[in-house]
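Data first, discussion second: the structure below is written as structure tokens.
The values are calculated or read from the model by the stated rules, or taken from the named source; none is laboratory data. These numbers were taken from a predicted model, which means no experiment stands behind them. Here the Cβ is made from the backbone with ideal geometry for all residues, glycine too, and neighbour counts use every protein chain on show. Just the protein is used for accessible areas: all its heavy atoms, side chains included, with ligands, DNA and RNA removed. Shrake-Rupley method; radii C 1.70, N 1.55, O 1.52, S 1.80 Å.
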Amino acid sequence: SAVISQKPSRDICQRGTSLTIQCQVDSQVTMMFWYRQQPGQSLTLIATANQGSEATYESGFVIDKFPISRPNLTFSTLTVSNMSPEDSSIYLCSVEKGALNTEAFFGQGTRLTVV
Amino acid sequence: AQTVTQSQPEMSVQEAETVTLSCTYDTSESDYYLFWYKQPPSRQMILVIRQEAYKQQNATENRFSVNFQKAAKSFSLKISDSQLGDAAMYFCAYRSAWGGNQFYFGTGTSLTVIP
């Protein structure tokens, strides 16, 4: 299994500012994933972060808006830049563990409100 | 891309009764994994049960069991002897067994347990 600590758990931010979300895992993992969960919606993958290389972004998400760092095998950050109210969501960090890396573990999420 | 459909946005069940949550998916792949995740108000995503597509036997975890119909691309979750702690949002998810690491999530079913 994997224990994931995500910070902050919630924040209220002014539009135009940026917020960096941290994700710490209790064991080394190859890939870390960042998801967005808009109010009442399902999870949408933002990007996949590998250590030592640039993150891979899904359609509709760009590095300038959601820069990601992955300095080592247990840590990653996601920044939500130049925020607008439409960025109000829950942001979740995830890793895969288990046989063939087929089970996903999640952090407790960061509830972001942009005002 | 694969799609996962949960047609029941909300469900309710009396405590100690049984409830079934529906999930269908669309894929051209023959080997994959299916999951049910639970997200209580704490926002922590918790794995409930997992099914490998190559296995004909339906997965079971205590009070939770699935009805996996591969030909029909159906993957329902049955919760027996429902408890108040089962109240949560339930997400069905798909993951390919070959390459790619993305989980595809359904839109979720909100389960209420009535005392």
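Bin width 5 Å, alpha-carbon pairs only: give the P(r) of chain A as whole percents, running from 0 to the bin holding the largest distance.
2, 13, 23, 26, 20, 10, 4, 1, 0
At residue B:112 and residue A:63, where each label point lies 7 Å from the Cα along Cα→Cβ, what is the point-to-point distance in nanometres?
Placing both labels 7 Å along Cα→Cβ, they lie 4.7 nm apart.
To the nearest 20 debye, what charge dipole does segment A:3-113 have about its Cα centre, counting +1 at the Cβ of each Lys and Arg and -1 at the Cβ of each Asp and Glu?
With only Lys, Arg, Asp and Glu charged at Cβ, the dipole is about 240 debye.
Calculate one ³J(HN,Hα) per residue across segment A:56-61 by plugging θ = phi - 60° into the Karplus curve 6.51 cos²θ - 1.76 cosθ + 1.60, and present them in order as whole Hz with x for glycine and proline.
9, 9, 7, 4, x, 10
Separation between the residue A:28 and residue B:8 pseudo-spin-labels, each 7 Å from Cα along Cα→Cβ, expressed in nm?
4.4 nm
For a quick check of understanding: with a 1.4 angstrom probe and all protein chains in place, what accessible area in square angstrom does residue A:10 have, to the nearest ten?
In the full protein context, residue A:10 sits at about 150 Å².
On a 28 Å Cα-Cα criterion, which of the cross-link pairs A:7/B:73; A:97/B:70; A:7/A:97; A:97/B:38 come out too long?
A:7/B:73
Can you pull the mean other chain C-beta count within 10 Å for peptide A:35-42?
Partner Cβ neighbours, averaged per residue: 4.
Order the peptides B:30-38, B:64-72, A:57-65 from the highest to the lowest mean number of other Cβ atoms within 10 Å of their residues.
For the peptides B:30-38, B:64-72, A:57-65, the packing ranking is B:30-38, B:64-72, A:57-65.
How large is the convex hull of the Cα atoms of the protein assembly as shown per residue, expressed in Å³ as a whole number?
Spread over its residues, the Cα hull of the protein assembly as shown gives 122 Å³ apiece.
Roughly how many Å is it from the Cα centre of segment B:3-58 to that of segment B:69-105, as a whole number?
2 Å
Please give every one of the aspartates and glutamates within straight-line cross-link reach of residue A:65, meaning a C-alpha to C-alpha distance under 13 Å, and leave out same-chain neighbours fewer than 8 residues apart.
A:86, A:87
Less than 13 Å apart at the alpha-carbon level, and either on another chain or at least 8 residues along: which aspartates and glutamates does that give for residue B:55?
List returned: B:31.
Size of segment B:3-114 along its principal axes in angstrom, Cα-based, largest extent first?
Principal extents (largest minus smallest coordinate, Cα): 40, 27, 22 Å.
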